[in-house]
Every structure is written in C-alpha cells, then in structure tokens.
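Enquirer: Okay, handing you the structure first.
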Amino acid sequence: MKLDPWGAVHVDDYSKLFVEFGISNFDQILSELENPHPYMRRKIIFGHRGYEPVLAAMQKHEPFAVMSGFMPSGRAHFGHMMVMNEIIWHQQQGGDAFAAIADMEAHAVRGISWERCRALGINEYILSLIALGFAPKEGSHIYFQSENYSMRNLAFELGSEANFSEVSAIYGFSGETHISHMESVMAQSADILHPQLKEFGGPKPVATWPTV
C-alpha cells in the first residue's frame, strides 16, 4: 500500500499499518483517561503512537500541549470539525493548544493564492474553531504558518538536518517536485515541535492530530 500524505487513501487492513508504524490500540489506555472524548469511547479514535506521556501529564497536572493544522485549500468539512473538537478537548483538559493554518503548504502544494489562503483560513477554520469552543486564553495559539517566525526559523534549522534522499523516501518526491513543496514538509515538522520551544514553556509532551 502506498500512503499519500496529500490525498485520500482507502485502507483495507489497519492491522498492517499498526505493525509497520508502531501504532498501539487506544483501548489499552482508555480506562486511564478520567474524561475520555466521545470519539475515544466510541472507537472513532482507535490507535495512537506515544500518547502515554500526554496521558501521564494530564494525570499529574503537568504541562502538555496539543497541536494540529488545517490546510486552507477549500471549505471546512466534517473531518476538520472532528480534529477541531479534539484540539478543544485537550485544551479543556488543561493543555496548551496550537492550531496552525497551513497557508505555506496550501500555497506550495495546491497552488492556492496567499489572498485565498488567508480568506479561507479566517472564514472557514479560525471562525469554526472559535465557534466550536476554542478558548482564546494564555497558552492558546492559532496562527498562519507564513506569519509565525518562531516556527519558520525552526523549520530552517530542521532543514539543515534533512536531505533530499530522506524526504524523497518518506514523501515520494522526485526531480519534478518544487522546492517550496519540500520546504512545506519542514514547516509541518516545525509545527509539531515548536510548542516545545522556550518561548512556549520548553519541553513538554505534545499530542498531535492529523492535518486534514
């Protein structure tokens, strides 16, 4: 099976993916959550990879964060809403919340204009997050990739640790792939890691949810 990080893939057998990518069954930790989200109880969320540190931080009332992103290439849909609900749930459990509007990725991968990215980001994603209950408080961050220089600086540093062979093996890039498309991968990685920067409180467990 070939997985496409920028497209839809039909999966016939999740057990193979669990083995290949080291995914654990979420049922194994469900009973340890004091107030599990309905998606967890109803097995909509049925796998995880390394969620235990986030769970431990919740139980000990220690710092943790949740992070996900939304590529503003079209209207928000039900799948986006589900990810938004998970961000909000983690925020309600005491976590710092980071929601990226992946305009750099939309511009590089889908060819969406910057103006269109901004309009969709605000009207479809940011307003939806707030309407669903995202709380604008300390530790909460909604940002456009293009405007977050902490993330962009980190992406640059990550780029110095990666090479074309590595990203090609992971993402299937070829000699025809635009450089900006490759750079968007570093931006994604920086999105995930930057909640642990000193300015955001330093190292902590971070729950990451799919970018849809």
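The values are calculated or read from the model by the stated rules, or taken from the named source; none is laboratory data. All figures in this text were calculated on a predicted structure; none of them were measured in a lab. Cβ atoms come from the backbone with ideal geometry, glycine included; neighbour counts cover every protein chain shown.
Enquirer: Only one of these is in the same structural domain as I142 (by TED's automatic domain parsing), touching an Asp or Glu at 6+ places or on another chain (Cβ under 6 Å) and on the phi < 0 side of the Ramachandran plot: M81, M71. Name it.
Expert: Details: M81 fails: touching an Asp or Glu at 6+ places or on another chain (Cβ under 6 Å).
One residue alone meets the criteria, M71.
Enquirer: Residues that are more than 30 Å from S180 (Cβ to Cβ) and in contact (Cβ under 8 Å) with a residue 60 or more places away in the chain: does region 78-86 have at least one?
Expert: Step one: of region 78-86, the residues more than 30 Å from S180 (Cβ to Cβ) are 85.
Filter once more, so that each one left must be in contact (Cβ under 8 Å) with a residue 60 or more places away in the chain: none.
Checking region 78-86: not a single residue is more than 30 Å from S180 (Cβ to Cβ) and in contact (Cβ under 8 Å) with a residue 60 or more places away in the chain.
For (1) in a loop (DSSP other than H, G, I, E, B); (2) touching a Pro at 6+ places or on another chain (Cβ under 7 Å); (3) surrounded by fewer than 13 Cβ atoms within 10 Å (Cβ to Cβ), each residue gets a yes or a no:
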{"site": "G50", "(1), (2), (3)": "yes, no, no"}
{"site": "Q59", "(1), (2), (3)": "no, no, yes"}
{"site": "I126", "(1), (2), (3)": "no, no, no"}
{"site": "K137", "(1), (2), (3)": "yes, no, yes"}
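Enquirer: Checking Q28 against (1) surrounded by 16 or more Cβ atoms within 10 Å (Cβ to Cβ); (2) without any contact (Cβ under 8 Å) to a residue 40 or more places away in the chain, which test does it fail?
Expert: (1)
Enquirer: Tell me yes or no: at least one residue of region 162-181 is part of a loop (DSSP other than H, G, I, E, B) and either of a type in the set (A, V, I, L, M, F, W, C) or crowded, with 18+ Cβ neighbours inside 10 Å (or both). Explain how you work it out, then say what you get.
Expert: From region 162-181, those part of a loop (DSSP other than H, G, I, E, B) are 162-163, 172-178; that's our starting set.
Among the residues that remain, those that are also either of a type in the set (A, V, I, L, M, F, W, C) or crowded, with 18+ Cβ neighbours inside 10 Å (or both) are: 162, 173.
Yes, because at least one residue in region 162-181 is part of a loop (DSSP other than H, G, I, E, B) and either of a type in the set (A, V, I, L, M, F, W, C) or crowded, with 18+ Cβ neighbours inside 10 Å (or both).
Enquirer: For region 170-212, which residues satisfy the criterion of being β-branched (V, I, T), farther than 16 Å from Y51 by Cα and either under 10 Å from the mean Cα position of the chain (by Cα) or not assigned by TED's automatic domain parsing to the domain that holds M84 (or both)?
Expert: The first filter runs over region 170-212 and keeps only residues β-branched (V, I, T), leaving 170, 177, 179, 185, 192, 206, 208, 211-212.
Narrowing the set further to residues that are farther than 16 Å from Y51 by Cα leaves 170, 177, 179, 185, 211-212.
Matches in region 170-212: T211, V212.
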